[in-house]
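Below you'll find the structure, written out as structure tokens, and then a few comments.
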């Protein structure tokens with residue numbers, strides 16, 4: 001076999017291996033499955049949020065909001081909160097997040113809206129609730145209360161009363177307080193652009209925002 005033939009053969013093998021790796025990588029990308037929205041959370045679970053400022057942990061209790069905690073569990077279990085911007089950071093009010101970088105994933109989850117549930121726990125400092133814009137509009141966006149926001153327990157807005165707590169930050173409070181806040185409410189006012197253009201839009205226009213790198217359920 002000539003040197004040229006050997007080189008050509010090796011080149012073909014290398015290209016084949018690279019192509020195979022690309023196919024494998026593409027195949028590993030998660031595709032939304034409707035059955036995920038039917039999964040039930042345990043009575044209580046903990047999760048670790050790894051962020052650009054460090055880690056914090058939460059505890060969720062299903063009895064406080066069965067539908068809401070189920071959805072939180074589903075989203076975490078299926079990696080929704082990966083590379084997610086903390087796009088609304090108001091130190092004297094809330095920290096909000098929950099728009100995915102992929103608009104297809106956003107649309108898939110947002111199609112399955114949650115029924116509203118009663119307020120069984122006050123919106124104390126460091127509690128977590130789903131954001132919403134009206135009746136049965138809870139989907140993927142969450143906020144962390146940065147102080148006792150008890151007015152949110154009974155706030156009447158767009159036909160529904162109050163914000164139902166689903167979990168609470170139990171460690172890493174200092175991490176939550178360090179998220180970049182100087183942009184104020186501006187990124188949140190452009191949610192349509194975040195939904196359609198993802199992190200590319202945020203990083204071009206609000207480069208100092210912090211991000212949730214990934215979330216893991218603690219066994």
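Scattering from region 34-218 was approximated by placing one identical point on each alpha carbon and applying the Debye formula without solvent; log10 I(q)/I(0) at 0.09, 0.10, 0.15 1/Å stands at -0.28, -0.35, -0.84.
Between residue 110 and residue 92, the modelled labels are 3.1 nm apart [label points 7 Å from Cα along Cα→Cβ]. Stretched out straight at 0.36 nm per residue, the stretch from residue 204 to residue 83 would grow longer than its current Cα-Cα span by 42.0 nm.
Principal-axis analysis of the Cα atoms of the chain puts helix 66-77 at an angle of about 20° to the longest axis. Compared with the dominant principal axis of the Cα atoms in the chain, helix 191-205 is inclined by about 70°.
The simple spin-label model puts a point 7 Å past each Cα toward its Cβ; for residue 136 and residue 218 those points are separated by 3.6 nm.
Compare the peptides 64-70, 155-161 by average per-residue count of other Cβ atoms within 10 angstrom and give them in order, highest first. If you can, show how the numbers build up before the last one.
Numbers: 64-70: 21.1, 155-161: 11.9.
Per-residue mean Cβ counts within 10 Å order the peptides as 64-70, 155-161.
For the listed peptides 109-115, 57-63, a ranking on the average number of other beta carbons within 10 Å per residue, highest first, reads 57-63, 109-115.
Using 0.36 nm per residue of separation minus the Cα-Cα distance, give me the extension gain between residue 195 and residue 155 in nm, one decimal. Could the numbers behind the result be given before it?
On the way: separation 40, 0.36 × 40 = 14.40 nm, distance 2.65 nm.
Once the chain is fully extended between residue 195 and residue 155, it gains 11.8 nm.
Per-residue counts of other Cβ atoms within 10 Å, averaged by peptide: what ranking do you get for 127-135, 92-100, highest first? Could you put the intermediate results ahead of the total?
Values: 127-135: 18.4, 92-100: 20.1.
With the highest mean Cβ count within 10 Å placed first, the list reads 92-100, 127-135.
Output the 0 to 90 degree angle, nearest 10, between the alpha-carbon long axis of helix 3-28 and the longest principal axis computed from the alpha carbons of the chain. Orientation of helix 3-28: about 20 degrees from the principal axis. Between region 130-192 and region 35-50, what's the alpha-carbon centroid distance in Å? So the two Cα centres are separated by 19 Å.
Go ahead and run the numbers for FRET between residue 40 and residue 178, Cβ-Cβ distance against an R0 of 30 Å, rounding to 0.05. Spell out each step's value before the answer.
Values: r = 34 Å, r/R0 = 1.13.
Once the sixth-power term is evaluated, E becomes 0.30.
Every number here is computed from the coordinates shown, using simple stated rules; none is lab data. Quantities reported herein were computed from a predicted structural model and do not represent experimental measurements. With ideal geometry, Cβ positions are generated from the backbone for all residues, glycine too; neighbour counts draw on all protein chains shown.
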